[in-house]
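Taken together, the values in this text are just the output of simple stated rules run on the coordinates, not laboratory data. Note that the coordinates shown come from a computational prediction; the quantities given were computed from them, not determined experimentally. For neighbour counting, all protein chains shown are included, and Cβ atoms are generated from backbone atoms with ideal geometry for every residue, glycine included.
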Amino acid sequence: MRPSYRAGLLLVLLLISAPTRSFAVESIQRLNDIQYATTDQQRLLLDLYLPEGVKQPPLLVWIHGGAWRAGSKANMPLTELVEHGFAVASVEYRLSPVARFPAQIHDIKAAIRFLRGSADKYGFNADKIGILGSSAGGHLVALMGVTNGNAQLEGDLGDFDQESSRIDAIVDYYGPTNFMTILPQSTPHGLSVRVPALQLLLGDRPENRPELAKLASPVFHVDDKDPPLLMIHGDQDPQVPINQSHELHGKYKQHSLDVTFEVIHGGAHGGPQFFDAKRMQLVEAFLRKHLTSQPAPKQKALQSN
């Protein structure tokens with residue numbers, strides 16, 4: 001057999017045997033540092049991830065953690081969902097060394113209004129919006145979801161005051177939900193992290209600012225109109241006790257609301273298992289159910305272990 005013929009045959013065999021791609025989208029367009037509002041302290045920016053070749057992708061919003069005093073919109077862990085046809089906006093907000101609560105929620109609600117008002121410009125579908133976040137970001141997304149229409153937390157930032165800041169689905173990764181109980185529930189390590197973080201966010205310990213602490217706590221806002229909620233929490237979390245998620249889960253059940261609680265046995269405060277194939281399938285199915293009429297790609301099942 002001639003060498004050139006042998007090489008050609010090998011190439012054909014490789015092409016035939018190559019695995020099919022498991023992603024629905026070939027590439028991602030990333031738009032960095034889009035200004036959604038300004039404050040006296042800073043410009044407020046977001047990064048937008050768009051799946052190329054997808055018309056009107058449903059919109060998700062990612063809110064980073066960092067004890068409300070650190071973290072970055074650059075660390076966005078939902079690339080797989082963009083590859084499966086979702087648009088994702090990763091939003092920055094004023095951190096607690098810059099501004100105390102409720103500045104953070106005012107910022108995020110302004111971002112949602114901006115995104116709804118800019119949907120035609122960027123080509124995504126913002127009729128329904130899902131919001132996801134971890135740790136402090138988990139707290140903020142839960143609070144966003146259960147305070148739809150709350151004038152006290154709406155704020156007046158940005159140029160899209162006629163748009164709604166409504167959230168239609170929540171994914172809360174191990175976020176605090178009740179500032180009045182989190183410290184008594186905490187381990188010594190947890191206290192070493194949470195006490196200074198809450199003092200910076202609220203201006204004092206929660207028991208010394210009970211009205212503000214309750215305003216900032218999702219469990220005190222749950223009512224019959226709140227959107228579907230998915231919580232993912234490790235039962236060995238040393239920083240945010242899993243009881244925090246149990247409390248919000250209980251409130252949702254009291255009101256007969258749609259809630260799913262995924263416990264990661266042996267899970268701590270974050271880690272790869274929170275975004276492994278099993279949990280990403282769970283999150284994607286939840287979001288598709290509540291935001292779109294389209295099922296997850298069939299290829300996705302091949303990724304599960």
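Give me the percent of Cα-Cα pairs in the stretch 27-291 that sit more than 24 Å apart, rounded to a whole number. Tail fraction, whole percent: 43.
Peptides 200-211, 106-117 ranked from most to least packed give 106-117, 200-211, packing being the mean of other C-beta atoms within 10 angstrom over each peptide's residues.
What is the dipole size for the stretch 180-291, taken about its Cα centre, with +1 at each Lys and Arg Cβ and -1 at each Asp and Glu Cβ, in debye to the nearest 20?
80
Count charges around Gly266 for me, please; just the other residues with Cβ under 12 Å from its Cβ, Lys/Arg as +1, Asp/Glu as -1. Here the charged neighbours net out to -2.
Taking the average, over residues, of other Cβ atoms within 10 Å as the packing measure, peptides 278-284, 222-228 rank 278-284, 222-228 from highest down.
Give me the Debye-computed log₁₀ of I(q)/I(0) at q = 0.17 Å⁻¹ for the stretch 129-287, equal point scatterers on Cα only, no solvent, two decimals. These q points yield log10 I(q)/I(0) values of -1.01.
Can you bin the stretch 54-192 into rounded, prolate or oblate? Criterion: square roots of the alpha carbon gyration tensor eigenvalues sorted a ≥ b ≥ c, rounded for a/c under 1.5, prolate for a/b above b/c, oblate for the rest. Cα axes put the stretch 54-192 in the prolate bin. Once you reduce the stretch 43-99 and the stretch 174-236 to the center of their Cα atoms, the two points are 22 Å from each other.
Pairs Lys214/Lys251; Lys109/Lys214; Lys73/Lys225; Lys55/Lys225; Lys109/Lys253: which exceed 23 Å Cα-Cα? Pairs exceeding 23 Å: Lys73/Lys225; Lys55/Lys225; Lys109/Lys253. Overall, the ratio between the Cα radius of gyration of the stretch 232-273 and 2.2 N^0.38 Å, rounded to two decimals, is 1.21.
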